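Below you'll find the structure, written out as structure tokens, and then a few comments.
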Amino acid sequence: MTDEQFREQYHPLHVPAHFEAGAPLADHILFALAQLGTGTADEIISKLKELDESLEDKLLIADVHAQLTQWHTQGLLAADEQDGSLVYSLQKITAGNDGAVDPDLLAPGLD
């Protein structure tokens, strides 16, 4: 994989500012997840149907699950298992660093 291919495949996710009916499903999923804060695939699907009632159930369910799985596998989306379901979040860092730094071990110029 070239650097360009890597950047294209692993680019940061950008949440759209508002819901547009003609936008790609990926944008819809990101918008719905941002509205929820955290949510399972089923909760995201429910939010999508609330935002756009014309979305088809069967295709929507498969496509949402596939997209969330792809983003999670690529490390672009956080997910925690709760009650047997993955709960997705746009926040990748959920706990602060509680470690200490030894300034003597830093490389020169990093202090």
Of all residues in region 63-111, how many are of a type in the set (Lys, Arg) and modelled with pLDDT of 95 or more? 0
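Quick test for you: out of LEU30, LEU60, LEU76, LEU48, pick the one residue that is closer than 11 Å to LEU90 by Cα, hydrophobic (A, V, I, L, M, F, W, C) and buried (at least 17 other Cβ atoms within 10 Å of the Cβ). It would help to see each step written out before you state the result.
Details: LEU60 fails: closer than 11 Å to LEU90 by Cα; LEU76 fails: buried (at least 17 other Cβ atoms within 10 Å of the Cβ); LEU48 fails: closer than 11 Å to LEU90 by Cα.
Answer to the selection: LEU30.
Residue check: is THR40 touching a strand residue (DSSP E or B) at 6+ places or on another chain (Cβ under 6 Å) and of a type in the set (S, T, N, Q)? Outline the logic, then answer.
Details: touching a strand residue (DSSP E or B) at 6+ places or on another chain (Cβ under 6 Å): yes; of a type in the set (S, T, N, Q): yes.
Considered against the rule, which asks whether it is touching a strand residue (DSSP E or B) at 6+ places or on another chain (Cβ under 6 Å) and of a type in the set (S, T, N, Q), THR40 comes out as yes.
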Six or more apart or on different chains, Cβ atoms under 6 Å: show the pairs whose first residue is in region 57-79 and more than 15 Å from SER46 (Cα to Cα) and without any contact (Cβ under 8 Å) to a residue 40 or more places away in the chain and whose second is hydrophobic (A, V, I, L, M, F, W, C) and assigned to a strand (DSSP E or B). HIS72/ALA79; ALA79/LEU86
Take the residues of region 33-45 that are surrounded by 18 or more Cβ atoms within 10 Å (Cβ to Cβ) and not β-branched (Val, Ile, Thr): which is nearest to the chain's Cα centre (by Cα)? LEU33
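The values are calculated or read from the model by the stated rules, or taken from the named source; none is laboratory data. None of these values were measured; they are calculated from a predicted model. Note: ideal-geometry Cβ built from the backbone for every residue, glycine included; neighbour counts use all protein chains shown.
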